[in-house]
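To start, the structure under review is shown below, and the notes come after it.
The values are calculated or read from the model by the stated rules, or taken from the named source; none is laboratory data. Predicted model, so just to flag it, every value in this text is computed and none were measured. Neighbour counts run over all protein chains shown; Cβ positions are idealised from the backbone, glycine included.
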Amino acid sequence: MARVRVGVVGYGTIGRRLASAVLRQDDMALVGVVKETPDYRARLALQRGIRLYAVNEEGARAFEKRGMAVAGTLEDLLGQVDVCLDASPEGIGAENRRLYESKGVRAVFQGGEEPEVADLSFVAQCNYERARGARFVRVVSCNTTALCRALHAIDGAFGIERAVAVLARRAADPHETSKGPIDAIVPDPVSIPSHHAQDVRTVLQNLNIVTMALKVPTTHMHAHSIMVDLKREASAQQVAERLASSPRLLVVSSSEGFKSTAHLIDYARELGRERGDLYEAVIWGDSLHVEGRRLFFFMAIHQEAIVAPENIDAIRAMLNLVDGAASMAKTDRSLGILSGQLKLEARAA
Ligand code: NAD
């Protein structure tokens, strides 16, 4: 079968990871990436054999001035692809949609876009089937992806009456030197609930959830404190087993040295993952605590990486290539994704 021809639009934090993930799929071909600025990232992409496309003619001239070859513009790319992964900055994706429509190209948008940009908001293990055949899909944000993965797993086994999540959000990605805060904790937004609850409900429509968000001076991960009122009684061990057996969730223990987000990133680097990425949402197994039917736990999310597998699965769903379980298994193999406590221990042994 011919490979799906994929273009990546926007080659920043997320776009670079999406391009790398596409290159690892044996049923997809990366036609090229759209890059706005002729910087070191563009030069590295060329050195890796990735074709660059400029946003427009003016952009193309800027690349040529720097001696970087471009294969054309975004419009040229659209004539050569079946689907675009749009990882441009918030709001640009919605503008690009008009272009995708006029060229008959399917597109996957990211969480910075409004839900209305697409036919549906997507997390593979929650609603893969609904995305089959869709023209436009929106992969939800990093925080929302993790909340959906974990809460969907818990809801399926024990039922959720109500969930409350307090999000400590990284202030900036590592290269964003002009963002802060450097020395403050910022309620962001101050109003409660934060928009994350509504975003979770774009995927898990009936979930009763309230979210509150704080921005904290760190760059490498988000951390969530989560409380869930279960419909049925469950022990912490039963919840741990459920989470450990669910896709793209890792259950780790502080007794093995996972004492902070820094240790999780250190672990991903030791695994030899490209860019030190952690695609799994990570749950501290020893934080799982139950009082009556109320469950408490901590979860960490590598914001730069977690949505990469979802984008790959979204492509297979939209093009009706395989079912959800087959796509997720294929994606997970290609990216070396670990699932569950037992697999983690097996890998560490
Ligand atoms: P980014 O700023 O790192 O990357 C965006 C890139 O697009 C930049 O390199 C920019 O130069 C380029 N660009 C600007 N205008 C463009 C245009 N017209 N066409 C093509 N490229 C253009 O942003 P990001 O963090 O990668 O975010 C991309 C999307 O992913 C956003 O919707 C964001 O909300 C979402 N997202 C980000 C994160 C994260 O933690 N960074 C996590 C999940 C989802």
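For the reader, a short list of remarks on this structure follows.
- Test: residue in region 143-158 that is modelled with pLDDT of 95 or more, part of a loop (DSSP other than H, G, I, E, B) and either of a type in the set (Asp, Glu) or farther than 16 Å from Val282 by Cβ (or both): no
- The helices (runs of 4 or more DSSP H) found wholly in region 20-111 and carrying at least 1 residues that are more than 20 Å from Glu304 (Cβ to Cβ), of a type in the set (A, V, I, L, M) and touching a helix residue (DSSP H, G or I) at 6+ places or on another chain (Cβ under 8 Å) occupy 74-78, 92-103.
- Residues of region 36-75 satisfying the condition of being farther than 22 Å from Glu101 by Cα and aromatic (Phe, Trp, Tyr): Tyr40, Phe63
- Set Leu99, Leu77: member being closer than 24 Å to Ala118 by Cβ, in contact (Cβ under 8 Å) with a residue 40 or more places away in the chain and not polar (S, T, N, Q): Leu77
- Filtered by the rule that a residue be out of contact with any helix residue (DSSP H, G or I) (no Cβ under 7 Å at 6 or more places or on another chain) and away from the ligand (no atom under 13 Å from the Cβ), region 159-176 gives Gly159, Glu161, Arg162, Val164, Val166, Ala168.
- Here is the figure for region 229-259: residues that are part of a strand (DSSP E or B) and touching an Asp or Glu at 6+ places or on another chain (Cβ under 8 Å) total 4.
- When restricted to residues that are of a type in the set (S, T, N, Q) and within 13 Å of the ligand (Cβ to nearest atom), region 77-121 contains 4.
- Considering residues of region 127-142 that are within 16 Å of the ligand (Cβ to nearest atom) and in a loop (DSSP other than H, G, I, E, B) only, the residue nearest to Asn320 (Cα to Cα): Val140
- Looking across His196, His152, His175, one residue alone is surrounded by fewer than 20 Cβ atoms within 10 Å (Cβ to Cβ) and within 30 Å of Val83 (Cα to Cα). It is His175.
- Flag if Ala62 is touching a residue at least 24 places away in the same chain (Cβ under 8 Å), more than 9 Å from the ligand (Cβ to nearest atom), of a type in the set (Gly, Ala, Ser) and surrounded by fewer than 21 Cβ atoms within 10 Å (Cβ to Cβ): yes
- Considering region 269-319, the qualifying strands (runs of 3 or more DSSP E), each wholly inside and each with 2 or more residues that are under 21 Å from Gly111 (Cβ atoms) and either within 15 Å of the ligand (Cβ to nearest atom) or not aromatic (Phe, Trp, Tyr) (or both), run over 281-284, 294-301.
- Pair list, Cβ < 8 Å and 6+ apart or interchain, from region 31-50 residues that are without any contact (Cβ under 8 Å) to a residue 12 or more places away in the chain to residues that are of a type outside the set (Asp, Glu) and within 11 Å of the ligand (Cβ to nearest atom): none
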